[in-house]
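The values are calculated or read from the model by the stated rules, or taken from the named source; none is laboratory data. From a predicted model like this one, the values you see are computed outputs, not experimental measurements. In this analysis, Cβ positions are derived from the backbone assuming ideal geometry, glycine residues included, and neighbour counts consider all displayed protein chains.
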Amino acid sequence: MPSVGQRADLRVTGEVLRRRPLRRGSLNAMAQYTKHPVKAPPTAPERESTGHLLLRAYIILVLIVTFAHSAVYNLLGAIGAGIVLVVFLLATLAIGIPMIATNRPQAFPWRRLPWTATAYALLALLSLAWSQWRVPTAITWVLLATVTVNALFIAHVLTWHEIVRALSSAFKWILGLSLALELWVSLVLHAPLLPNFVTLPDGEIDPQWYWVRDNLFDGGRIQGIVGNANLLAIISVFALITFGILYSARARWRTTLAMWMLLAAYFLFRAASATAFACAAAAAVVLIVALLMRRAQTPAARTRLYVVFIGGSVLAGAAAWLLQKPLLALLGRESDLTGRSDRIWTKVLERVAEHPIAGNGFSSPWVPSDPAFDHWITDHGITVFHAHNMWLDVLMQLGAVGLVLVAIAYLSLLWRSWFFAVDRPRWDLTADRTYSPLTLLPSLFTVVLLVQGLTESTPIMLWGWMLLILLSFKIKATPIVGVGERVIERGERRRRVP
């Protein structure tokens, strides 16, 4: 403490300083140079490392190859496509094992694994013991294991923000390459394109064999780089959901995102898939209900919404069943769902009756070259490679045991993803935090997969299985966006929420 005399001297000095006129530039000098700054000097934000950028690029490539696997098949053939997946499996293991061993970016949450889906994969491997087609079981199980490992790896090393951005990038590449290939076929080749760029033979050929049918300017269904109109349409639905969520999250380049959404909507319309239209409608209904749930202020209000939603769904399902023939005719489809109920499902049920408990053996997809499937069920002279209904497919392959496991896996994902979307983020006493648009993506994707599974078997193989594992594991490991994970977006490292 200064003495009385020292305080008097300080008052006199302060009075002199107040009366003394300031020279020009002295204020700026005082503001710029001081021995006691009020805050730390500004520094550049921490950027993503080159290694992490390369990791994200690799994961985007994995997603492209998985979602557009049919394009790889049409380009390299069955053996080449299988080799590509195995190479990605080895690369993922080479990258992921050291990261898990060193707890990077964090300790691997073993207890949060999707155990029901994992049990299904193990049951598929065990079915080698009683499989009626052991070679297809071994081959397709390797594909299942590859997709499972990649999905777990992506969920572990990327945050929620990065996963959505990686999906967005993958869909952009698929849609962009689809447009480029369609334009090249129509403007340069002026003829349909066969897989592996094989020269068109003389005479008539069934359009089902074409990779691209040259329908871009004649009004027919387009297939894009994936070579299948139904597959292009469902990818367009996923792309619309992803782009829309990023747009709502106010991501950068929103105008560009809007243009990608228009392209995805155009492909959805031109692919003209009744299943994709139904998936899009179901996703739209779930989105509306989820937004209404977010606005509900009391539990009673949510209960009323649940009653209305569930009751309306039951009525809509009953009406769709009773009016299926006129509805399918309106969409230009046959009443037997393009031969599914008569030619495919009947024969699948015959094999289900042979081994109803443990099934006939895993094979997703079916291997057309194997005697058990070769010309067993054909469509336009081509051997069908799945049951066009994931529940019947599982029942035929792994019986009632496998069916129960898949049902639990999907219902648990639906349950978790729904509350992930409608509940406020909360980890302490604060109960009024804002919702994140990103939390809507898992529930919308899950609904699309479940609706698609009624007429397709894709949800239990390749990218359908990848989404099941990826979303299930990520929701269990990180149930709140940005909490407990390193959040990087737009090249900046944001503050980690404790």
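Miscellaneous remarks
- Segment 410-448, subset among the aliphatic types (A, V, I, L, M) and without any contact (Cβ under 8 Å) to a residue 60 or more places away in the chain, residue surrounded by the most Cβ atoms within 10 Å (Cβ to Cβ): L414
- Sole exception among (1) of a type outside the set (D, E); (2) within 29 Å of M99 (Cα to Cα); (3) not in a helix (DSSP H, G or I) for Q223, by number: (2)
- Selection of helices (runs of 4 or more DSSP H) fully inside segment 98-189 by the criterion of at least 3 residues being more than 22 Å from L468 (Cα to Cα) and either of a type outside the set (G, A, S) or modelled with pLDDT under 95 (or both) returns 134-157, 160-184.
- Evaluation of L216 against the conditions (1) in a helix (DSSP H, G or I); (2) surrounded by fewer than 24 Cβ atoms within 10 Å (Cβ to Cβ) shows that the sole unmet condition is (1).
- Total residues in segment 386-409, condition surrounded by fewer than 21 Cβ atoms within 10 Å (Cβ to Cβ) and free of Cβ contacts under 8 Å to residues at least 24 places away in the same chain: 2
- Some residue of segment 466-479 being closer than 30 Å to V65 by Cβ, outside any helix (DSSP H, G or I), in contact with a Phe, Trp or Tyr (Cβ under 8 Å, 6 or more places away or on another chain) and not charged (D, E, K, R): yes
- Filter pass, L194 being at pLDDT 95 or above and farther than 30 Å from M261 by Cβ: no
- Residues considered: V308, V289. Of these, the only one that is hydrophobic (A, V, I, L, M, F, W, C), out of contact with any Lys or Arg (no Cβ under 7 Å at 6 or more places or on another chain) and farther than 28 Å from S457 by Cβ is V308.
Condition check ((1) of a type in the set (G, A, S); (2) touching a Leu at 6+ places or on another chain (Cβ under 8 Å); (3) within 30 Å of P105 (Cβ to Cβ)) across all residues:
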| site | (1), (2), (3) |
| --- | --- |
| Q132 | no, no, no |
| A151 | yes, yes, yes |
| A155 | yes, yes, yes |
| T159 | no, no, yes |
| E162 | no, no, yes |
| V188 | no, no, no |
| P192 | no, yes, no |
| V198 | no, no, no |
| P201 | no, no, no |
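- Residue in segment 197-218 that is over 28 Å from F385 (Cα atoms) and of a type in the set (S, T, N, Q) present: no
- Filtering P136, P114 for residues that are farther than 28 Å from S436 by Cα, in contact (Cβ under 8 Å) with a residue 12 or more places away in the chain and either crowded, with 20+ Cβ neighbours inside 10 Å or polar (S, T, N, Q) (or both) leaves a single hit, P136.
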